[in-house]
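J.: Right, I'll just put the structure down here and ask away after.
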Amino acid sequence: MDPTEPSELVLLLVKIGFLALLWGFVLVAVRAVRLDMFGPTQRQRRRQPVAARAPAPAGRPPARVRPPRQDPRPPPPAPPAADATPTRLVVTKGHLAGTTIPLGPEGITIGRAPDSTLVLEDDFASGRHARLVPHDGQWFVEDLGSTNGTFLNRTKVTSPMPVPLGAPVRIGKTVLELHR
Amino acid sequence: MTLPPLRRPRSADLTATFAGFPLPSGLELPPYRRRELFLLGYAGILATAALAALTLARDGTIGFQVFTYGLGFFSLWALAHLAVRRFAPAADPVLLPVVAALNGIGLVMIYRLDLAKADAARRAGREVPTGAAQTQLVWTLLAVVVFILVLAVVRDHRSLARYAYTAGLVGLVFLVLPIAPGIGATINGARLWLQVGPFSFQPSEVSKIILMIFFAAYLVNKRDVLSVASRSFLGMKIPRARDLGPVLVAWAASLGVLVVQKDLGSSLLFFGMFLVILYVATQQASWVAIGLALFMLGAVVAHSLFGHVQIRVDGWLHAFDGENPSNTSYQLVQGLYGFAAGGITGTGIGQGSPQRVPFANTDFIMASLGEELGLTGVMAILLLYALVAARGIRAALGAKDPFGKLLATGLSATLALQVFVQVGGVMRLIPLTGLTLPFVSYGGSSIVANAAIIALLLRISDAARRLEEPVPDAPLFDPSAVSESPTQVVKTT
């Protein structure tokens, strides 16, 4: 009918092409979410340095370079060579569940006081309740004379105690864990 | 054993305190913004491709103006991106591009329906109606402006919590406004609009945000009371009446107003929204039970009292029976035929006939998309909505303050519910209710309000991902510093 009408095949290809483009967008967006949650995958990590040293003369493979982390969270302060070093504090229970705080060399203070690193709005927490500090490569929890106590694995913390990875530290209704 | 001495956090010596601290992720140029720009570019390409496919199918060629439109669309959302860079540098990189992509697909589909309408009018010898796409483009521009304004004005979402009761009142007033004579207008059987000159606006879209702020702020204060001080009954905890008061009043008032205004979709949305936020705040399953019981009661009462509800339910249950397909359920059935015509891959943009469905560019835009993009396209679009909701919930998880958590949860649940009620209605999963598909449907107030929701979500996610900026304390008292200075009058405020 219309001489300018494109052929069926072209229209079919355009249709399929657009759907592919749409799904491509979904996948790229999901990939961005993934990067955001877990950091780059092993494959991406391996691929990136290759791209970076592409112009370098190919010969003996250079020493493995750790690619810049794409993780939006600040990189861990200590090199994660020792895999047992925790890099973040995760709130697993309580009103603040899901909150993550990166661990720095300064340690973390916990309490209701507004200048604490982790401000709890918990009726059972004291103003300056407890703190977490690194010492000799380990993290310690220390109760700062709180009213209702700090518990590590159901043990009341009376003197500074080393906190293993993933061990629950309970303050009032809030439970904290150290994660890598 | 001895640990290093306890130092006051954030003392006056900030440099030392923060020297060894990892740089707050919001302060370096974050990779998120680059990722956002990349995704936004992709969204621009997607919208341009949709428009190109449409013009190819209609005219047989792809004109130069397609790229002009694409570039214009991209620059419009790039403005929003620049605002995010400036005001919320650590915010989520996925939300904005996904919203832009949805908006682009919606704009092309609205334009496509305009063209079909214009063709039909030309064939019938009538005057060609003015296009909805141009109007929607203006609304999109306005939505971007509102988005930027919200980001710029609300620098800290916690400041919103201060206006809890004001927000509750304003939200209710906004709901009631359309009933007011003079400015209220009845369009399509529902009195939902404010008509000022040629512009009509649906204030319930705005009030859903404002009421959400009220509910989040109120429940943050009261949730301990709501979940602890209650009597046990049948293994569930029944809260005291006086704790419930304000919530129930707001709930009943908004529902009452909506029933009077005959807007089924919004009532459903508000009801679900309150239920979600109440459950999230108190973590009590009894609230879900109470809410569902109230919902059943409300549904039965509404069905027996109101004719328009009966028509909707009848059209849903007996869509293909008797006279219905050509009568009350005409729209629904035509929409379903549209989905069926689309099949798995759709007819291709510009090659179906979605204009047969009444209100194809607002309530039934999902049927239009289903016909031309097919199951594959509809699934992708629903996934994009799921991404928006998931990122909203992610912002809620990361938020460091309870108000931000509740607000982000409530806002993303509102978006998700709206999509469910809308798409469920069009696909005949639930009775058809008049709601717009966020960012896609033709409708100004909807896109503006939803842009404000996205701005708030970005604000909360920015606060969640950024380490708190140091607040300089007053320097510690140093006696030697004041011993030499003369006595002064100190004003206390």
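The values are calculated or read from the model by the stated rules, or taken from the named source; none is laboratory data. Just so you know, these numbers come straight off a predicted model, no measurement behind them. Because the Cβ atoms are built from the backbone with ideal geometry, glycine has one as well, and the counts that use them run over all protein chains shown. The accessibility values were calculated without ligands, DNA or RNA, using every heavy atom of the protein model including side chains. Shrake-Rupley method; radii C 1.70, N 1.55, O 1.52, S 1.80 Å.
J.: For the pair residue A:31/residue B:296, report the inter-label distance in nm, with labels modelled 7 Å from Cα in the Cβ direction.
T.: 4.9
J.: Residues of region A:86-177: accessible area per residue at 1.4 Å, in Å²? Don't skip to the end; give the middle numbers.
T.: Details: 3830 Å² over 92 residues.
So region A:86-177 comes to 42 Å² accessible per residue, rounded to a whole number.
J.: In region B:14-468, with Lys and Arg counted as +1 and Asp and Glu as -1 at Cβ, which of these residues, B:225, B:346, B:322, has the Cα nearest the positive end of the dipole, that is, farthest along it?
T.: B:225
J.: In addition: Taking the Cα centre of region B:14-468 as the origin, how large is its charge dipole in debye, to the nearest 20, when only Lys and Arg (+1) and Asp and Glu (-1) carry charge on their Cβ atoms?
T.: Values: 33 positive and 21 negative charges, 200 e Å.
The calculation lands at about 960 debye.
J.: Quick one: net charge of residue B:112's neighbours, Cβ under 13 Å, K/R +1, D/E -1?
T.: Numbers: positive: B:58, B:117; negative: B:59, B:114, B:119, B:371, B:372.
Net local charge, residue B:112 excluded: -3.
J.: Can you give the FRET efficiency to the nearest 0.05 for residue B:122 and residue B:310, using r as the Cβ-Cβ distance and R₀ = 41 Å?
T.: Numbers: r = 40 Å, r/R0 = 0.96.
For R0 = 41 Å, the calculated efficiency reads 0.55.
J.: State whether region B:14-468 is rounded, prolate or oblate according to the following rule on the C-alpha gyration tensor (a ≥ b ≥ c being the square roots of its eigenvalues): a/c under 1.5 gives rounded; otherwise a/b larger than b/c gives prolate, and the remaining case gives oblate. Intermediate results must be reported in sequence, preceding the final value.
T.: Numbers: a/c = 1.90, a/b = 1.15, b/c = 1.66.
Verdict is oblate for region B:14-468.
J.: Summing both sides, how much accessible area is buried between A and B? Use a 1.4 Å probe and give Å² to the nearest 100. Each step should come with its number before you reach the end.
T.: Details: alone 12490 and 24470 Å², together 31870 Å².
The summed interface area works out to 5100 Å².
J.: Here is a follow-up. How shielded is A:97-106 by partner chains, expressed as the average number of their Cβ atoms within 10 Å of its Cβ atoms? Could the numbers behind the result be given before it?
T.: Values: counts 2, 9, 7, 5, 2, 5, 1, 7, 4, 9.
Across the residues of A:97-106, the mean count of other-chain Cβ atoms within 10 Å is 5.
J.: With unit charges on the beta carbons (Lys and Arg positive, Asp and Glu negative) and the dipole taken about the Cα centre of region A:86-177, which residue among A:102, A:152, A:86 sits farthest to the positive side?
T.: Comparing the listed Cα positions along the dipole, A:152 ranks first.
J.: Right, something else. Under a Cβ-only charge scheme (Lys and Arg +1, Asp and Glu -1), can you give me the dipole magnitude of region A:86-177 about the Cα centre, in debye to the nearest 20?
T.: On the way: 9 positive and 9 negative charges, 52 e Å.
Using only the charged Cβ atoms, the result is roughly 260 debye.
J.: Using the charge dipole of region B:14-468 (Lys, Arg: +1 at Cβ; Asp, Glu: -1 at Cβ; taken about the Cα centre), state which of B:43, B:305, B:433 has its Cα farthest towards the positive end.
T.: B:43
J.: Which net charge results for the neighbourhood of residue B:273, defined as the other residues with beta-carbon distances under 15 angstrom from its beta-carbon, given Lys and Arg at +1 and Asp and Glu at -1? Before the final figure, lay out the partial values.
T.: Working: positive: B:208; negative: B:205, B:263.
Once all neighbours under 15 Å are counted, the net charge is -1.
J.: Over 29 Å between C-alpha atoms is what I'm after, so list which of A:156/B:400; A:15/B:262; B:117/B:208; A:173/B:208; B:262/B:400; B:208/B:405 land there. All intermediate terms of the calculation are to be shown ahead of the outcome.
T.: Working: A:156/B:400 26 Å; A:15/B:262 40 Å; B:117/B:208 33 Å; A:173/B:208 32 Å; B:262/B:400 40 Å; B:208/B:405 17 Å.
Where the Cα-Cα span goes over 29 Å, the pairs concerned are A:15/B:262; B:117/B:208; A:173/B:208; B:262/B:400.
J.: If you take every residue apart from residue A:162 with its C-beta less than 13 Å away from the C-beta of residue A:162, what net charge results, scoring Lys and Arg +1 and Asp and Glu -1? Working shown, then result.
T.: Numbers: positive: none; negative: A:136, A:142.
With Lys, Arg at +1 and Asp, Glu at -1, the neighbours total -2.
J.: Another question about this same structure. For region A:86-177, just say rounded, prolate or oblate: build the C-alpha gyration tensor, square-root its eigenvalues into a ≥ b ≥ c, call rounded for a/c under 1.5, and beyond that prolate if a/b exceeds b/c, oblate if not. Kindly include the intermediate steps, with their values, before the conclusion.
T.: On the way: a/c = 1.33, a/b = 1.18, b/c = 1.13.
It comes out rounded by the Cα gyration axes.
J.: Let me ask another. Roughly how many Å² of residue B:379 are accessible to a 1.4 Å probe, to the nearest 10?
T.: Residue B:379 exposes around 90 Å² with every protein chain in place.
J.: Between residue B:326 and residue B:149, what's the calculated FRET efficiency when r is the beta-carbon distance and R0 is 45 Å? Round to 0.05.
T.: On the way: r = 47 Å, r/R0 = 1.05.
Efficiency, from the Cβ-Cβ distance: 0.45.
J.: May I pose another question? Taking 7 Å along the Cα-to-C-beta vector as the label spot, tell me the residue B:289-residue A:123 distance in nanometres, rounded to one decimal.
T.: 2.3
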